[in-house]
Structures are given as structure tokens and as C-alpha cells.
Amino acid sequence: MDTIAEKKQSMKEMEDFMPIMGTDYVEIYTSNARQAAYFYQSAFGFKPVAHCGLETGVKDRESYVVQQDKIRIVLTSPLKSGTEVGTHIDKHGDGVRVIALWVDDAEYAYSTAVERGAESYFEPREESDVHGRVVRSGIKIYGDTVHIFVERKDYSGVFLPGYEPWDSGMEIKPIGLKYVDHMVGNVELGKMNYWVKFYEDVLGFRQMLSFDDKDISTKYTALMSKVMSNGNGRIKFPINEPAKGVKKSQVEEYLDFYEGPGVQHVAVATNNIIDTIAELRSRGIQFLSIPDTYYDELEDRVGEIDEQTSTLRKLGILVDRDDEGSLLQIFTKPIQPRPTMFFEIIQRKGATSFGKGNFKALFEAIEREQELRGTL
Ligand code: FE2
């Protein structure tokens, strides 16, 4: 007979009508995928994996696929004017177009999502080559962002049919990045709850946490955030909306420059944030700078930690603690000319939260940057 724990587990699985195994890839539309691919290899230590473009019979765009452990990034540029990719870049600048979700059945995922209210991006399509077949389908989410469901159980190629293996010849030094921890969407004022409900109704996500303007406000700006998680907890999508402050919220600044909602940051996990950040800094990646006072108060706030405060101070790494453990995190400056998308590097030591204790220090750091840009 099944134990109660087993029964509970199977009931939980039954309730999860949209099983998702993980993030399959993140596709960024960028005006120069070739140079972007060099940046992700040389600075972030991603390995070259696959390529498509003129040489593979694709006439209107070129894509490079890079990977580090479970994190797969696709960089795509247009090869002529008037394409979907180019139009997206013209409006938004560089940014995330696709958050691809790894599923067992892309047809089921699509029909379930559409029945439950999602708008179609494209219907299930089968793509195949000598390595097997992949089924993909897509739905629209906030702004011009989309989810693509990827079913790849019958495929053994390097990425997707149509792509060829690509080796840049560069010697790659990985920096210990493991997987996508979470991806944050910025949506318009008053739209956060709409997208919370969308993720609940359409994709079976649940709300893990919520922060309001009392948690996330400084003297000048405020935002509200709800964290959505899928059934097995592998996918976490916090959704932010601006809240009224004395000056312009960072979310508003994002919405102005991205010209609509979109992905604000991609958080990637490491098992050794000190080594990862020391390496990234030596490769010229710039991070938000944190005032010295943050570190003066650190131990009083989070108690004893494994790391030396002086090392954290030198590298600008933030620390927070919740009931389950601690976490260390740091945020890059925007990675393209518009003050829109950035990366977070995070190391979890039991903590399942998102660094609430750091919000104030972090947002004050962002405001100093906004002030320099004249957008506060
Ligand atoms: Fe984050």
C-alpha cells in the first residue's frame, strides 16, 4: 500500500496539469549576435554549441547557441530589414524574446495552455533532421515576450534541427554557472495581478511570495512583486510592477526604455559566488556598487556567515537570510545600451527567497545609477 507521503506526492503531481522539466533555452534578440556570442564566451565562460545562418540555409537571421552547465542562451540577429527579429530590436533594443520551457509533450502543453486562455504564438510544429525530431509550440506572455514549449525526447542533436555544431576555437574558461534560478518580468502599473492570474490559470503556477511597496521602497522609488513558481518548483518567475514613489521607479525606467513589458533580469546560480564574481570582475563585467555602510551592518543583520565580510565587501556581494538558510547575490549593470536587462548571480545556501533584506541597499544603488542617467 502507498504511504501517505506517496499519495500526497501523486496527488500533487496530478494537480500539476502543466509539468515543466526546466528552462530549455533563453533567446535574446540582439543587433550583433556574432559579437554577443564572443562576449558570452569570453566574459561569462559559456561554451559554443550550435549555429544557424546563411551557411545552414537560413536566409533572414543568424543564431549562435552558447551553454554553461544547464544554462543555454540563443543569440539571434536579423540578416535583412523588416524581419520579426529586426522589428523587435528596433522597438526594444537587445532583450529576451523567448523563454523556452522543456516539456515532455509540446502538443499537450500548447493545447492545454490555449484552452486555459493563452494567446497562440505558433501552433505545434515538428522539426527533424538526421538526429531525430523535436516538437515546438509557442504562447505569448507579457509585452512581446513568448514561451516556446520544447519537446526533445526523440532528439539527439546539439540543439535543434536546422542548427549545426559550432566551435569558435576559443579556449573557454567556465565561471561555475549552473542553472537559471529565476527570471523576472517587469509589467505595467496595475498589470502584476493580471500576469499572476495568467500563470496560475494557464500554466498551473502558484504564488510563492509577495512583496509590496512597504517591503520594496526607498526614499524615492517603489515597486511591487509577486513570485510565481511551477508545480515542481524548478521554474520561478517573479513579476514586478512599478509603485508610486516620489521619483521614477526603476521598473518605470525599464518600461520606458524597453518600450513595454519584458524580462528585467535573468538570475543564474553558482556554487561558489566568490570565485565566480572575482573571475567576472577580472574579465571586465561591471556590477552595481554597494555602499560601505552595507557591510558595516552586515553581521548584525544576517548573523554569522561562512564568507569573510572583507571579501564580500571587496567584490560587492550581497547577503540575506531567511528561515531556511542564507543566500548571496549580486547584480550586473545593464548589459546593453538601454538601461533594461541585467544579470543576477546567486548562490543559495538553503534560502529559498529572493534577498528581501537587500532590496533597500540594492534599489538605492540603482537610483544612484538612474541619477547619473538623469532618469530618476
Ligand atoms: Fe532576482
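The values are calculated or read from the model by the stated rules, or taken from the named source; none is laboratory data. Here the structure is a predicted model, which is why all the values come from computation and not from measurement. Methodologically, a virtual Cβ is constructed for each residue, glycine included, from the backbone with ideal geometry; neighbour enumeration extends over all protein chains shown. Keep in mind that these areas ignore ligands, DNA and RNA; they rest on the heavy atoms of the full protein, side chains included. Shrake-Rupley method; radii C 1.70, N 1.55, O 1.52, S 1.80 Å.
Do we have E253 as of a type outside the set (S, T, N, Q) and either closer than 27 Å to K214 by Cβ or crowded, with 22+ Cβ neighbours inside 10 Å (or both) here? Considered against the rule, which asks whether it is of a type outside the set (S, T, N, Q) and either closer than 27 Å to K214 by Cβ or crowded, with 22+ Cβ neighbours inside 10 Å (or both), E253 comes out as yes.
Going by the structure shown, is S282 more than 15 Å from the ligand (Cβ to nearest atom), closer than 23 Å to A222 by Cβ, exposed (fewer than 14 other Cβ atoms within 10 Å of the Cβ) and not charged (D, E, K, R)? It is false that S282 is more than 15 Å from the ligand (Cβ to nearest atom), closer than 23 Å to A222 by Cβ, exposed (fewer than 14 other Cβ atoms within 10 Å of the Cβ) and not charged (D, E, K, R). Residues in the stretch 314-335 that are open to solvent by 20 Å² or more (accessible area, probe 1.4 Å), touching a residue at least 24 places away in the same chain (Cβ under 8 Å) and either more than 15 Å from the ligand (Cβ to nearest atom) or not in a strand (DSSP E or B) (or both): R321, E324, K333, I335.
Results for (1) open to solvent by less than 70 Å² (accessible area, probe 1.4 Å); (2) modelled with pLDDT under 95; (3) away from the ligand (no atom under 16 Å from the Cβ), shown as yes or no for each residue.
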site: A222; (1), (2), (3): yes, yes, yes
site: K226; (1), (2), (3): yes, yes, no
site: G231; (1), (2), (3): yes, yes, yes
site: A243; (1), (2), (3): yes, yes, yes
site: E259; (1), (2), (3): no, no, yes
site: V263; (1), (2), (3): yes, no, no
site: N272; (1), (2), (3): yes, no, yes
site: I277; (1), (2), (3): yes, no, no
site: Y294; (1), (2), (3): yes, yes, yes
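Residues that are open to solvent by less than 10 Å² (accessible area, probe 1.4 Å) and under 30 Å from A33 (Cβ atoms) were ranked within the stretch 336-354; the one that is farthest from the ligand (Cβ to nearest atom) is T340.
Per this entry, L362 is not counted among residues that are open to solvent by less than 20 Å² (accessible area, probe 1.4 Å) and in a strand (DSSP E or B).
This table checks each residue for (1) closer than 26 Å to G95 by Cβ; (2) in contact with a helix residue (DSSP H, G or I) (Cβ under 7 Å, 6 or more places away or on another chain).
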site	(1), (2)
E259	yes, yes
V266	yes, no
A269	yes, no
I277	yes, yes
T309	no, yes
T340	yes, yes
L372	yes, no
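Quick one: which residue in T340, T352, T375 is part of a loop (DSSP other than H, G, I, E, B), in contact with a Phe, Trp or Tyr (Cβ under 6 Å, 6 or more places away or on another chain) and hydroxyl-bearing (S, T, Y)? So the residue among T340, T352, T375 that is part of a loop (DSSP other than H, G, I, E, B), in contact with a Phe, Trp or Tyr (Cβ under 6 Å, 6 or more places away or on another chain) and hydroxyl-bearing (S, T, Y) is T340. Applying the condition of being under 24 Å from L255 (Cβ atoms) and open to solvent by 10 Å² or more (accessible area, probe 1.4 Å) to the stretch 176-191 and asking which residue is farthest from the ligand (Cβ to nearest atom) yields G190.
Is it fair to say A36 is at pLDDT 95 or above, outside any strand (DSSP E or B) and either assigned by TED's automatic domain parsing to the domain that holds P261 or not hydroxyl-bearing (S, T, Y) (or both)? Taking the combined requirement at face value, the residue satisfies it.
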